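Notes follow the structure.
The values are calculated or read from the model by the stated rules, or taken from the named source; none is laboratory data. Just so it is clear, the model here is predicted, and its values are computed rather than measured. When the accessible area is computed, the model is the full protein with side chains, heavy atoms only, and any ligands, DNA or RNA have been set aside. Shrake-Rupley method; radii C 1.70, N 1.55, O 1.52, S 1.80 Å.
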Amino acid sequence: VQLQASGGGLVQAGGSLRLSCAASGSIPSIDAMGWYRQAPGSQRELVALITNGGSADYAAAVKDRFTISRDGAKNTVYLQMNSLKPEDTAVYYCYARRGIYLDWGQGTLVTVSS
């Protein structure tokens, strides 16, 4: 599975961004997709995921601010990020889960200025 992420950038605190992640390749083997993020000096952490059945889960830090969605026809997952905070600044990585395996896209940088 190949993943192409886009949508990062610089935004002021309180603003919004939408990340996109388009999958190609062995699509039927994917059972969930989502996003991790990694801030400087920190470990990579799960932000959100969505299963093929549409069930979504979020990290506590982003719940009620971020929304993950999927377009099955386009094999694309979106992360709508609202009310952004400086602590959301990180490189965001899209991933696809195939059973016990994770495929990763390239990171996209999100910078939130105060």
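Rolling a 1.4 Å probe over the heavy atoms of the protein chains gives the chain an accessible area of 52 Å² per residue.
Computed from backbone phi with θ = phi - 60° and the Karplus coefficients 6.51, -1.76 and 1.60, the 3J(HN,Hα) list for the stretch 31-46 is 10, 6, 9, x, 9, 10, 9, 9, 8, x, x, 10, 7, 5, 10, 6 Hz; x is used for glycine and proline.
In the frame of its principal axes, the stretch 5-114 has Cα extents of 42, 26, 23 Å, reported largest first.
Working from Cα pairs under 8 Å separated by at least six residues, relative contact order for the chain is 37 percent.
Compute the Cα gyration tensor for the stretch 69-112, then decide on rounded, prolate or oblate, letting a ≥ b ≥ c be the square roots of its eigenvalues: rounded whenever a/c is under 1.5, prolate when a/b is larger than b/c in the other cases, and oblate in all that remain. Oblate, since a/c reaches 1.5 and b/c is not below a/b.
Here the 3J(HN,Hα) profile of the stretch 91-97, calculated from phi with Karplus coefficients 6.51, -1.76 and 1.60 at θ = phi - 60°, is 8, 9, 10, 7, 9, 10, 9 Hz, Gly and Pro shown as x.
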